[in-house]
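Heads up: the structure comes next, in structure tokens.
The values are calculated or read from the model by the stated rules, or taken from the named source; none is laboratory data. It should be emphasised that the depicted structure is a prediction, and the values quoted were computed from it without experimental measurement. With ideal geometry, Cβ positions are generated from the backbone for all residues, glycine too; neighbour counts draw on all protein chains shown. Calculation scope for accessible area: heavy atoms of the full protein, side chains included, ligands and nucleic acids excluded. Shrake-Rupley method; radii C 1.70, N 1.55, O 1.52, S 1.80 Å.
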Amino acid sequence: MGASFVYDAVRTPFGRYGGALAGTRPDDLAALVVGEQARRATALDPERIDEILLGNANGAGEENRNVARMAGLLAGLPVGIPAAAVNRLCGSSLDAVMLASRAIEVGDADVVIAGGVESMSRAPLVMPKPEKPFQAGNMDLVSTTLGWRLVNKRMRPEWTVSLGEATEQLREKHGVTRDRQDEFAARSHRLANQAWGDGFFDNQVVAVPEVELTRDESIRPDTTVEKLAGLKTSFRKENGTVTAGNASPLNDGASAVLVGSEAAADLTGLQPLARIAGRGAAANEPRFFGFAPVEAANRALAKAGINWSDVSLVELNEAFAAQSLACVDAWDIDPEIVNAHGGAIAIGHPLGASGGRVVGTLARALQASGQRWGVAAICIGVGQGLALVLENVSDRPARPRRRSHPCGG
């Protein structure tokens, strides 16, 4: 088996719900990052892209006809590039990267553009079809923005509670206090704002045409623990801790990651940033979805042949501060290595795009720090988690370029 590498990553700024990107279709957001990822590989003949894999958690709206295929066509890439949409809810784009790495490692591909997209602002309202013609009575419209909809009556009711209530149950089980959640959330905003100020995201983010948005829209630089402590709880009137301030917001955005084999260096004109060294997937009881990254990351580390003591950086998608802290506590790692450039509470969580975002952030953070090992992990609704281990190879000496074949070989 060969090895797979992250060569590059790009994303849009993440817009807030109803904000700057609400007027942009999800397939256009996807086309933007896919096209930009192909363009940034300056030596790449687009005909040599083996596949496009894009995650999307909704799929019920403007992205419904296989958004990966739509993105390739709208980006003007060759019509012969096959594409597939991936749905593992919040983990969709991380799953897309993992699927790309598998295809490369078994020799089915050399260059894959993977990533994902979500417009939570434009998620449609839906209704079930009537069970019989000319059904009398009214029908209710259901929002597809987030969470359960059209629930199967055979599903156990404790599994279908809201994501917020599930997080309250998780933090009760693991003893995560409101104070710690608010401190974690304030840190996310502070570090994300600092990262933008330091230029960390400059080479990772591409502006959306005709939109005045130059950075992630949900970051609040003036957020403090004291301000967060004054917010009302969102899911419980009594004994609640989860608020709009210590949970990720609703967002719009897209991400893309260029995944390739060792031979892709010659094909793309890029040097790899990181080797994909281990993958892990795990599942648990649906209401404890926020804790599933714990086992997923442990499995990914085992596949990579390393331990937590070897890990210097972690990108954990912050669906909620409570579940993030529960994971960090279970791993028994230094919290300061987690989301050193802010996380989803500040940056945003457009469901289908977040996995690609954490992979790209981790690869660039490893490059900038010179550290060797990092973990990207994400929790997923209905009780799943995914994780990826990256090994920094960005300090490798550049390999001599082979002379290109006249036909692109």
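On inspection, residue 285 fails the criterion of being of a type outside the set (Lys, Arg), open to solvent by 70 Å² or more (accessible area, probe 1.4 Å) and out of contact with any Lys or Arg (no Cβ under 7 Å at 6 or more places or on another chain). Any chance region 146-158 includes a residue that's under 30 Å from residue 35 (Cα atoms) and touching a residue at least 40 places away in the same chain (Cβ under 8 Å)? Yes, there is a match, as at least one residue in region 146-158 is under 30 Å from residue 35 (Cα atoms) and touching a residue at least 40 places away in the same chain (Cβ under 8 Å). The residue pairs whose first member lies in region 176-203 and is without any contact (Cβ under 8 Å) to a residue 60 or more places away in the chain, whose second member is β-branched (Val, Ile, Thr) and buried (at least 18 other Cβ atoms within 10 Å of the Cβ), and whose beta carbons are closer than 6 Å, counting only pairs six or more residues apart or on different chains, are 186/223.
When the criteria are applied in full, residue 384 meets the requirement of being within 13 Å of residue 293 (Cα to Cα) and in contact (Cβ under 8 Å) with a residue 24 or more places away in the chain. If you filter region 236-273 down to residues that are out of contact with any Lys or Arg (no Cβ under 7 Å at 6 or more places or on another chain) and of a type in the set (Asp, Glu), you find that the one that is modelled with the lowest pLDDT is 238.
Taking first residues from region 278-294 that are in contact (Cβ under 8 Å) with a residue 24 or more places away in the chain and partners that are of a type in the set (Val, Ile, Thr) and not in a strand (DSSP E or B), the Cβ contacts under 7 Å between residues at least 6 apart in sequence or on separate chains come to 286/382; 287/161; 289/382; 290/167.
Out of all the residues in region 225-235, is one or more closer than 27 Å to residue 86 by Cβ, modelled with pLDDT of 95 or more, in contact with a Gly (Cβ under 6 Å, 6 or more places away or on another chain) and hydrophobic (A, V, I, L, M, F, W, C)? Within region 225-235 (the criterion being closer than 27 Å to residue 86 by Cβ, modelled with pLDDT of 95 or more, in contact with a Gly (Cβ under 6 Å, 6 or more places away or on another chain) and hydrophobic (A, V, I, L, M, F, W, C)), the answer is no, since none of the residues qualifies. Being acidic (Asp, Glu), under 27 Å from residue 89 (Cβ atoms) and in contact (Cβ under 8 Å) with a residue 12 or more places away in the chain is not true of residue 262.
Kindly provide the set of residues from region 1-24 that are closer than 30 Å to residue 212 by Cβ, under 18 Å from the mean Cα position of the chain (by Cα) and either open to solvent by 40 Å² or more (accessible area, probe 1.4 Å) or aromatic (Phe, Trp, Tyr) (or both), ordered by number. Correct list: 14, 16, 17. Over 20 Å from residue 100 (Cβ atoms), among the charged types (D, E, K, R) and open to solvent by less than 10 Å² (accessible area, probe 1.4 Å): is that true of residue 295 in this structure? Spelling it out, it is not the case that residue 295 is over 20 Å from residue 100 (Cβ atoms), among the charged types (D, E, K, R) and open to solvent by less than 10 Å² (accessible area, probe 1.4 Å). Which of the residues spanning region 380-408 are farther than 19 Å from residue 275 by Cα, at pLDDT 95 or above and not small (Gly, Ala, Ser)? Correct list: 380, 382, 384.
The residues of region 217-265 that are among the basic types (Lys, Arg) and out of contact with any helix residue (DSSP H, G or I) (no Cβ under 9 Å at 6 or more places or on another chain), listed by number, are 232, 237. Does region 311-355 hold any residues that are of a type in the set (D, E, K, R) and part of a helix (DSSP H, G or I), and which are they? 329, 336, listed by residue number.
Out of region 41-62, which residues are touching a Leu at 6+ places or on another chain (Cβ under 9 Å) and without any contact (Cβ under 8 Å) to a residue 60 or more places away in the chain? Scanning region 41-62 gives a single hit, 46. With respect to (1) more than 22 Å from the chain's Cα centre (by Cα); (2) buried (at least 16 other Cβ atoms within 10 Å of the Cβ), the lone exception for residue 177 is condition (2). Within region 260-300, the residues that satisfy the criterion of being over 17 Å from residue 166 (Cα atoms) and in a helix (DSSP H, G or I) are 264, 265, 266, 267, 268, 295, 296, 297, 298, 299, 300.
Residue count for region 236-266 satisfying the condition of being open to solvent by 50 Å² or more (accessible area, probe 1.4 Å) and out of contact with any strand residue (DSSP E or B) (no Cβ under 9 Å at 6 or more places or on another chain): 3.
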